[in-house]
Amino acid sequence: MRCDSVEATAPLHGCVAVCGCNSRRTFLKSLGAFGAATAFSAPAVWAQDSSSASSPALSTTKPHRIDVHHHMFPPFVQDLWKKENVRTAPVVMRWKLEDTLDQMNQAGVATTVLSVLAAGGFNLPKLSIEEHRRLARLANDHAVKVRSDHPGRFGIFAYVPMPDIDGTLKEIEYALDVIKADGIIVSTSYGNQFLGDPDFKAIMDEFQRRRAVVYVHPGRPECCDTLTPNVPGSFTEYPQDTNRTVMSLLFSGTFTRTRDVRWIFSHGGGTAPFLAERLIRTPSLNKKLAETVPNGAMAELQRFYYDVAQIAHPVPLAALAKFVPASQILWGTDYPFRFGNEYVKALAEFGFSAGDLSKIDRENALALLPRLKAG
């Protein structure tokens, strides 16, 4: 990727375009000036600008919801991006922790699980393995400070420096054993490799060994993110990339092999619910594929969790509600790109029962992430 090519680095939700910088060395020298500060990868989608939406009324209920899909972009990182001419979305550059807490309170959110970076990497030119590992550690340590400064309000999905296998295994150990993260966030794809790729087997086996919670967020799909001119790749390709990695995990046998991993897929599973019939029929086309899902595709897919971020609309909600039981649906916002009260309203109007809403709002997340009970 050329650093001086704006067109080639058009930003998307979950990646950062770096334009006008001289070199990786320049960037890291600037980063070093921040000492122990963390660098976060900016979701730079031209999505709904939360500042342009009407501000939701304050919730009159005691905060109780758990938001499992929430991004953070600290001020010092915003300053760094300005210095290095990193092109990103306006809502990202205006992000403040105080606003996050305010939005949580408005939507009745007791606890938010912070996505440490939008998964997919820092997307910096020629970032070395060692530099990527160091930045991952800084990012996770910063999230720990936010959590400790606001007891009970935040959980952590820790960042790992995939596709670096050894570095990722070390950061999983650090995240789960040392800082006690609630789970690990990974991207749907890295370059043209999806999560079921044989290269990632050691990582998947480690997730299985630890019975980890693994949160899957779409990253920039290298294959296709600029196929539709003037339309953000996050709108067209993020849902597709989620389905691609679901199929990769399903028909590589990874899901069957990692039955103790608690998988969470963002954005309602992308296009997977709509394509359920194809997912079900695919094994019938090839005996080898059938062997990867001995109990059938749906038996695997209905074990996983799916958040409601970016599906505050009755059509995708209906697809998800038919795809999995309410016990597998989690509350999430995708803040700062969407407001929490959008989901309070959408889920209430959709027609979920009071019992199902209670599960989606809080109970399912507590069963999955028991450390959040203090929130």
Using a 1.4 Å probe, how large is the accessible area of His142, given in Å² and rounded to the nearest 10?
40 Å²
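Compare Asp164, Asp141, Asp334, Asp199 by solvent-accessible area with a 1.4 Å probe and give them largest first, with all protein chains kept in place.
Details: Asp164 25, Asp141 60, Asp334 0, Asp199 95 Å².
Descending accessible area places them as Asp199, Asp141, Asp164, Asp334.
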Mind grabbing the base-10 log of I(q)/I(0) for the range 152-285 at q = 0.15, 0.22 Å⁻¹? Debye formula, identical points on the C-alpha positions, no solvent, two decimal places.
-0.74, -1.38
Stretched fully, the stretch from Lys62 through His150 gains (0.36 nm per residue minus C-alpha distance, one decimal, in nm) 30.0 nm
Taking H as built 1.01 Å from N, whose amide H comes closer than 5 Å to the amide H of Gly183, not counting residues under 5 places away?
Ile156, Ala158
For the range 153-166, take each phi angle, set θ = phi - 60°, evaluate the Karplus expression 6.51 cos²θ - 1.76 cosθ + 1.60, and give the result in whole Hz per residue in order, putting x for glycine and proline.
8, 9, x, 9, 9, 6, 7, 10, x, 4, x, 5, 5, 4
When ligands, DNA and RNA are left out and all protein chains stay put, how many square angstrom of accessible area per residue does the range 271-360 have with a 1.4 Å probe?
46 Å²
Using a 7 Å offset from the Cα along the Cα-to-Cβ direction at both Asn85 and Asp260, what is the distance between the two label points in nm, to one decimal?
5.1 nm
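Can you tell me how the range 331-370 classifies by the Cα gyration tensor, rounded, prolate or oblate, using a/c under 1.5 as the rounded cut?
Verdict is oblate for the range 331-370.
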Gain in span if fully extended, Gln208 to Ser358, counting 0.36 nm per residue against the direct Cα distance
51.1 nm
Using label points projected 7 Å from each Cα along Cα→Cβ, tell me how many nm separate Lys180 and Leu101, to one decimal.
2.1 nm
Relative contact order computed over the range 231-375 (Cα-Cα under 8 Å; 6+ residues apart), in percent
21 percent
Most to least packed among 237-246, 272-281 [average Cβ atoms within 10 Å]:
237-246, 272-281
How high is the FRET efficiency from Val315 to Arg281, r the C-beta distance, R0 30 Å, rounded to 0.05?
0.85
Tell me, what is the FRET efficiency for Leu289 and Cys224 to the nearest 0.05, using R0 = 30 angstrom and their Cβ-Cβ distance as r?
0.80
Would you grab the residues whose amide H sits under 5 Å from the one on Val68? Only those 5+ places off in sequence or on another chain, please, with H modelled 1.01 Å from N.
Val113, Trp331, Gly332, Thr333
Roughly speaking, what is the centre-to-centre gap between the range 304-358 and the range 194-210 when only Cα atoms are used, to the nearest Å?
29 Å
Euclidean distance of C-alpha centroids, the range 144-160 and the range 266-290, integer Å
35 Å
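The values are calculated or read from the model by the stated rules, or taken from the named source; none is laboratory data. Since the model is a prediction, treat every value here as computed from it, not as a measurement. Every residue, glycine as well, gets a Cβ built from its backbone with ideal geometry; the counts of neighbours run over all protein chains shown. Please note that ligands, DNA and RNA were not included when accessible areas were found on the heavy atoms of the full protein model with its side chains. Shrake-Rupley method; radii C 1.70, N 1.55, O 1.52, S 1.80 Å.
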